[in-house]
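See structure below.
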Amino acid sequence: SITTNVGSLKNIGFDLSVHSSNIQKPNFVWNSNLNLSYNNNQIISLTGEKIEMTDENGNTVLREPDDIDNGWFIGQNKDVIWDFELDGVYQIGEEDEAAQFGLHPGDFKIVDQNSDGVINSDDKIFQGLRKNPWYMTFTNSFQIKDFDIGVILLSKLGYKGGTDYPFNNRQEYIKNHNWFNLPYWTPNNPVNNGARINSIRLGNANYYESKSYLRVQNISVGYQVPASLLNRLKLGSSVRFSFTVENVGVLSDWIIGDPESDQEMPRVFSFSINTTL
């Protein structure tokens, strides 16, 4: 056997970079840099081998099959999400509807797409992308007399993440950990975005939520001590103080920690003094 490249992938995108001098005055300067990129791929071919199959109209055609095991589909993005669709949580009064799938009130509903009374791979649908097609950085620098300020914004847009945490059946989380503030269903708290404790996770389904985010990546403030003051104090030819905060904050709907790491991201503070004698 040999390993070779037999697939074909098409990428379409663009990169945009804009520099702006917003304000230029003797005691106040403001400059900005915006970098924006977009990339979307499409699977053209997987193996190149075509077989006879039946199309959506019942006709026999010669067509290259999808690779369902790996979640790769001809004509789709290679990072597409193909999984069961959740439609809230079964509530009190919906016992009969839940029972036909072996579920109970407090379990997540899985949409029976073809209404055949069975939940299987035929009920999976495309639900977005696992990787972001959009990426943005926006940098602003300010000079106010002897002070300089820098602000960096970072954003990834247009993608989703899947997790099983909202099913509330992870034993290590229920018994030993409690680091996420996750909702959970009870008869007196009939939420639709969190299942009951020890719920049934039918078909190993996942809960999908947008991972798009806007992060204040860095804020820095510096102060250059004026030369006239240094001469009077005899402190050297140059002294600069700087203070920096990394990972200031993030705006996102993602429910399990940070949207990039799925963990809690630390906020880092640093202070420095640079001097030349």
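Surface exposure of the chain, expressed per residue as accessible area with a 1.4 Å probe, stands at 61 Å².
Sorted largest first by accessible area at a 1.4 angstrom probe radius, with every protein chain in place, the residues 1, 115 fall in the order 1, 115. By the helix-only formula, in which each DSSP H run with n ≥ 4 contributes -39500 (n - 2.57) and the sum is divided by residues, the chain has a 222 nm mean residue ellipticity of -1500 deg cm²/dmol.
Sorting the Cα pairs of the chain by distance into bins of 5 Å, from 0 upward, gives 1, 5, 8, 10, 11, 11, 10, 10, 9, 7, 6, 4, 3, 3, 2, 1, 0, 0, 0 percent per bin. Structural descriptor for segment 113-247: relative contact order 25 percent, calculated from alpha carbon pairs under 8 angstrom and at least 6 residues apart. The charge dipole of segment 34-110, taken about the Cα centre with unit charges on the Cβ atoms of Lys, Arg (+1) and Asp, Glu (-1), comes to about 440 debye, rounded to the nearest 20. Were the residues from residue 137 through residue 240 laid out at 0.36 nm apart, the gain over their Cα-Cα distance would be 34.4 nm.
Remark: segment 169-277 carries a charge dipole of roughly 360 debye about the Cα centre, counting +1 on each Lys and Arg Cβ and -1 on each Asp and Glu Cβ.
Extending 7 Å from Cα along the Cβ direction at residue 193 and again at residue 122 yields two label points whose distance is 3.4 nm.
Extending 7 Å from the Cα toward the beta-carbon at both residue 87 and residue 269 defines two label points whose distance is 5.1 nm. Placing a label point 7 Å from the Cα of residue 248 along the Cα-to-Cβ line, the residues of segment 146-170 whose backbone N sits under 18 Å from it are 147-156. Distance between the 7 Å Cα→Cβ label points at residue 111 and residue 16: 3.1 nm. With semi-axes defined as the square roots of five times the eigenvalues of the C-alpha gyration tensor, the equivalent ellipsoid of segment 79-230 measures 48, 20, 11 Å, largest first. Here is the link list: 175/211; 25/211; 10/156; 25/160. Which ones come out longer than 32 Å on Cα distance? Among 175/211; 25/211; 10/156; 25/160, the Cα-Cα distance tops 32 Å for 25/211; 25/160. Accessible surface comparison of 73, 241, 142, probe 1.4 Å, protein chains only, largest first: the order is 241, 142, 73.
May I ask you to derive the relative contact order of segment 228-277, considering only C-alpha pairs under 8 Å and at least 6 residues apart, and to give it as an integer percent? Relative contact order, segment 228-277: 50 percent.
Distance from the alpha carbon centroid of segment 1-39 to that of segment 130-149 works out to 13 angstrom.
The values are calculated or read from the model by the stated rules, or taken from the named source; none is laboratory data. Predicted model, so just to flag it, every value in this text is computed and none were measured. Cβ: placed from backbone, ideal geometry, glycine included. Neighbour counts: every protein chain shown. Accessible surface areas use protein heavy atoms only, side chains included; no ligands, DNA or RNA. Shrake-Rupley method; radii C 1.70, N 1.55, O 1.52, S 1.80 Å.
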